[in-house]
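The structure under discussion appears below in the form of structure tokens.
Nothing in this text is a laboratory measurement; each read-out follows from the coordinates by a stated rule. Since this is a predicted model, take the numbers as computed values, not measurements. When we count neighbours, we look across all protein chains shown, and the Cβ atoms used for this are built from the backbone with ideal geometry, even at glycine.
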Ligand code: CP
């Protein structure tokens, strides 16, 4: 594997290998291991044209904990703000001899395009409304760990996952639908008609706008953020209507079956797509997703950069 551009490119075996290696990146107390020599001498650049807290910092930690050197470049403060093109920016960083470029950009397909310009491995950290592959990998990793923690098999085959929220603007939903399908889980996409991606009914999953009818039966309620920053035409329905129909409120939390968990990639809009009682519930795996993110990104960097050991 040279690049990680999307879940669409990965086989089930490659996904299983990445997840298995991520498990090995945890210590006996289930925290990511903080120093391994595997990538000594390698250099990873985080190139973010959009804001990030979790993805950027966890890729930086993952690189450092594998003994690689890591630097962060953001559009603000770089020569991008002077008008330098994306291609010239990428070729400039590549000319410094870096081994991997972790890139987030608002353009769908931008990371795949960049992969054609550089010698380094490209890793998609979120490209527009297309994919966010490491998010889907870390989500699966965290769900599996939750299942084991309650004494159940961690096999996702046959599990039911509801992905609810602003699916129109989400790259996370696309990567998760692909990954969960490859691992045999069944997915229902839940959103108001105005926040469904065009052609959602062709994605091979169930689609509904009735959250209450599906929630009691799911193993995972994955709540996605309302992305106001991508809504130039305003937010429809209203916030009140959205909460009434799609928010994971305390009332809806009580309707979930025992053992079911709550996931959210973050950042959260507390009080909108998810209430504080749900976000902070014992069944919430939101912070486990964050720690899973470091282990999964260590696995991805290892497989891309550690030579013949790659998946
Ligand atoms: N989930 C996620 O991608 O979070 P950040 O935007 O903070 O990286």
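Overview of results
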read-out	value
By average C-beta atoms within 10 angstrom, highest first, the peptides 264-273, 214-223, 91-100, 31-40	214-223, 264-273, 91-100, 31-40
Label-point separation in nm, residue 276 to residue 95, each point 7 Å along Cα→Cβ	5.3 nm
Relative contact order computed over the stretch 133-289 (Cα-Cα under 8 Å; 6+ residues apart), in percent	25 percent
When the convex hull of its Cα atoms is projected in every direction, mean area for the stretch 133-289 (nm²)	8.2 nm²
Debye log10 I(q)/I(0) at q = 0.07, 0.14 Å⁻¹ for the chain, Cα point scatterers	-0.26, -1.06
Relative contact order [Cα under 8 Å, 6+ residues apart], the chain, whole percent	22 percent
The stretch 246-300, relative contact order [Cα under 8 Å, separation at least 6], %	40 percent
DSSP bridge pairs, the stretch 133-289: antiparallel proportion in percent, nearest 5	0 percent
